[in-house]
Amino acid sequence: MESITCCRSCGAQRLDAVLFLGDQPLANSLPDAAGSQRKEPRYPLTLALCGECSLAQILETIPPEELFSDYLYFSSFSDTMLAHARESAEELIASQNLGTGNLVVEIASNDGYQLKFFKNAGVPVLGVEPAANIAAVAEEKGIPTRVEFFGTECATRLASEGRVADVLLAFNVMAHVPDLNGFVNGIQTLLGPDGVAVIEVPDVFHLLQGREFDTIYHEHLCYFSVSALRPLFARHDLQIFRVDELPIHGGSLRVYVAHKGARKVEPSVDRLDERDREHGLLDGSAYRELTRRVEKLREEVIGLVDSLRADGKRVAAYGAAAKGSTLLNYFGLGADRVDFVVDRSPHKQDRFMPGVGIPIHKPSRLRESQPDYCLLLTWNFADEILEQQDEYRRAGGKFIIPLPELRVV
């Protein structure tokens, strides 16, 4: 692990720590044997704000090879993610008039869950995915995939092969990138003269408004706003010309980027930039209350769980996601308070939640065991999961949804 002293974007030495989440295990490293969690390494997790370009970022860097070479997150196990990917593909195929003569490249293409919608429409595709185990799944689906980390070298190599992108996708990947400038320079290199890069990132505005601290973990190095993104792209002769606000992941930004001067800048860019300024994202005032509000939520959740258990109620949890690891470890919710976790992904089942040693089972375990309450760790997919678990709820089970406001349904 390395700790940074300069901003990951602009290089300024004006980093102000705004939230410390303690020493945390790697959120997607799920132990596969009982007791092995005692040997898990833990690393500090500190959110800081750059006083120069307003980029929120963690101070600690884990080598990406340690995080992503063998990865357990498969996007295709979420119905919400699949629907979002299909809608995104349909919109881009129509708006960019894509056909057999174009190329769509996706950075961090996972198991091909998104590129398959372009491929099915007859648009040539190429994925770039660093996790070999996940890239193999994409290849089995017929999605050509390069197994490597994206950056200047990768982009230069692809461009030299004539694989210039008409549409370049980077959904929920920029937060994972330690070398932001190398990544953006790679986009500039690989993007065709009239091409469009479409980038989705969680919106730090919503993190602050909804105290979504659990989206902070070692894989997520940065937390973006339009105000922080504009100078980053401008540094590489790229320009944000449109921004859409999306509800997915608790609030995200879809950022449209082109070569400087290639597209007319739409009002949405200045509007969201001004929103960030008005709500204190640039001067840091929005971050000053974050620690207090997160600690208050911890007290509320622990108090609820402990009171339920004192009344003889059983509590389980849903969602072996990285955000769940952050929440459980920061709140101190271990196997003494939560009986088990369930998750749809077979790649996570029969493992244990990092740091806390809670076993992970199939979702059917909820109905079989029928705990009184289930803490929804993947609260960003609440509608989907509540519908899937209708039988458990009709049998009397209740869900505890911790964010953005604590509620029981």
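The values are calculated or read from the model by the stated rules, or taken from the named source; none is laboratory data. These figures come from a predicted structure and were not determined experimentally. Virtual Cβ from ideal backbone geometry, glycine too; neighbours counted across all protein chains shown. Remember, those area values only see protein heavy atoms, side chains included, never the ligands or the DNA or RNA. Shrake-Rupley method; radii C 1.70, N 1.55, O 1.52, S 1.80 Å.
Remarks
- Restricting attention to region 183-230, the residues being under 24 Å from L115 (Cα atoms) and in contact with a Ser or Thr (Cβ under 6 Å, 6 or more places away or on another chain) number 6.
- Flag if G284 is more than 19 Å from S29 (Cβ to Cβ) and in contact with a Leu (Cβ under 6 Å, 6 or more places away or on another chain): yes
- Residue, nearest to V137 (Cα to Cα), within region 318-346, restricted to residues that are in contact with a Phe, Trp or Tyr (Cβ under 6 Å, 6 or more places away or on another chain) and not polar (S, T, N, Q): R344
- Every condition in (1) touching a helix residue (DSSP H, G or I) at 6+ places or on another chain (Cβ under 9 Å); (2) assigned to a helix (DSSP H, G or I) holds for R292 except the one numbered (1).
- Near pairs, Cβ below 6 angstrom, 6+ apart or cross-chain, from region 174-196 (without any contact (Cβ under 8 Å) to a residue 24 or more places away in the chain) to any residue that is open to solvent by 10 Å² or more (accessible area, probe 1.4 Å) and aliphatic (A, V, I, L, M): none
- Of residues in region 385-400 being without any contact (Cβ under 8 Å) to a residue 40 or more places away in the chain and in a loop (DSSP other than H, G, I, E, B), the one surrounded by the fewest Cβ atoms within 10 Å (Cβ to Cβ): G396
- Failed condition for L290, given (1) surrounded by fewer than 19 Cβ atoms within 10 Å (Cβ to Cβ); (2) among the hydrophobic types (A, V, I, L, M, F, W, C); (3) touching a strand residue (DSSP E or B) at 6+ places or on another chain (Cβ under 7 Å); (4) farther than 29 Å from S29 by Cβ: (4)
- Against the list (1) in a helix (DSSP H, G or I); (2) of a type outside the set (A, V, I, L, M, F, W, C); (3) open to solvent by 70 Å² or more (accessible area, probe 1.4 Å); (4) without any contact (Cβ under 8 Å) to a residue 40 or more places away in the chain, the condition D336 fails is (1).
- Unique residue being of a type outside the set (V, I, T), within 25 Å of the chain's Cα centre (by Cα) and in a helix (DSSP H, G or I) when the list is L403, L297: L297
- Any pair with Cβ under 7 angstrom, 6 or more apart, that starts in region 303-332 at a residue that is farther than 18 Å from V409 by Cα and ends at one that is open to solvent by 50 Å² or more (accessible area, probe 1.4 Å) and outside any loop (DSSP other than H, G, I, E, B): Y330/R298; F331/R298
- Scanning region 364-384 for residues that are in contact with a strand residue (DSSP E or B) (Cβ under 7 Å, 6 or more places away or on another chain) and open to solvent by less than 30 Å² (accessible area, probe 1.4 Å) returns L366, P371, C374, L375, L376, L377, T378, W379, A382.
- Each residue in region 12-40 was checked for being modelled with pLDDT of 90 or more and open to solvent by 40 Å² or more (accessible area, probe 1.4 Å), and 7 of them qualify.
- The residues on offer are V123, V164, and the sole one that is open to solvent by less than 30 Å² (accessible area, probe 1.4 Å) and within 24 Å of H259 (Cβ to Cβ) is V123.
Okay, residues lined up against (1) in contact with a helix residue (DSSP H, G or I) (Cβ under 8 Å, 6 or more places away or on another chain); (2) surrounded by fewer than 24 Cβ atoms within 10 Å (Cβ to Cβ); (3) aromatic (F, W, Y):
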position	(1), (2), (3)
I187	yes, no, no
P193	no, yes, no
F205	yes, yes, yes
G210	yes, yes, no
R230	yes, yes, no
R235	yes, yes, no
P247	no, yes, no
G261	no, yes, no
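- When the residues of region 130-150 are filtered to those that are modelled with pLDDT under 95 and open to solvent by less than 10 Å² (accessible area, probe 1.4 Å), the one that is farthest from E219 (Cα to Cα) is A138.
- In region 123-144, the residues that are touching a residue at least 40 places away in the same chain (Cβ under 8 Å) reach residues that are open to solvent by 50 Å² or more (accessible area, probe 1.4 Å) with C-beta atoms within less than 6 angstrom, at least six apart or across chains, in these pairs: P130/F149; A132/V147; N133/D70.
- Odd one out for N329 among (1) of a type outside the set (F, W, Y); (2) closer than 21 Å to E295 by Cα; (3) open to solvent by 10 Å² or more (accessible area, probe 1.4 Å); (4) part of a loop (DSSP other than H, G, I, E, B): (4)
- Search result, residues across region 344-384 that are out of contact with any helix residue (DSSP H, G or I) (no Cβ under 8 Å at 6 or more places or on another chain) and in a loop (DSSP other than H, G, I, E, B): P346, H347, K348, Q349, D350, R351, K362, P371
- Residue match in region 363-370 (condition: within 23 Å of I58 (Cα to Cα), modelled with pLDDT of 95 or more and not hydrophobic (A, V, I, L, M, F, W, C)): no
- Checked against the criterion of being of a type in the set (V, I, T), within 30 Å of A159 (Cα to Cα) and either crowded, with 16+ Cβ neighbours inside 10 Å or at pLDDT 90 or above (or both), the candidates T46, T80, T5, T100 yield just one match: T100.
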